[in-house]
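Every number here is computed from the coordinates shown, using simple stated rules; none is lab data. Since the model is a prediction, treat every value here as computed from it, not as a measurement. Cβ placement follows ideal geometry from the backbone for every residue including glycine, while neighbour counts extend to all protein chains displayed.
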């Protein structure tokens, strides 16, 4: 999903947040009115709590209005070792990935049936209620690019509820549902990265 417009971005790196930066971010987050659904509100609460504690457990990417006066949205994504469910393995089976500095299509998943794979997890994502709708798509596209650059096999999410899973992640972005007996991973949704390796039969 390509989004042409780009909004100003501020990356808050994992670790201590203090001083003037913390004061500025506190103000942005305080004035941030999340879109009217529970996941966005919970995302704001998570960010508020960690900024108040002066420590961010993961990188946070803030997206601003073009005049940089309003926080339009933010997302938190990071690499994890995940256990893809059987249908996710089938979808991602031997895909060509891209790492920073590599030639496109130079890397394949060595063993698509390995017990674990590197995945890029979107832990939190929220758009302001008054932000343009394409802000959400831009944040998702950025998260996908980061996952590809990290050489991950897929983007994964743990949806807040069944409605969010179907309406947003499956119908809008094209994620596939997990399945199997492992409760930790079967509830996750998967979005394969890279391009299919046409040499694989």
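Observations
- Point-to-point label distance, residue 133-residue 14, nm (Cα→Cβ direction, 7 Å offset): 3.5
- Peptides 140-148, 126-134, ordered by how many other C-beta atoms sit within 10 Å of their residues on average, highest first, read 140-148, 126-134.
- Averaged over residues, the count of other Cβ atoms within 10 Å places the peptides 28-40, 152-164 in the sequence 152-164, 28-40, highest first.
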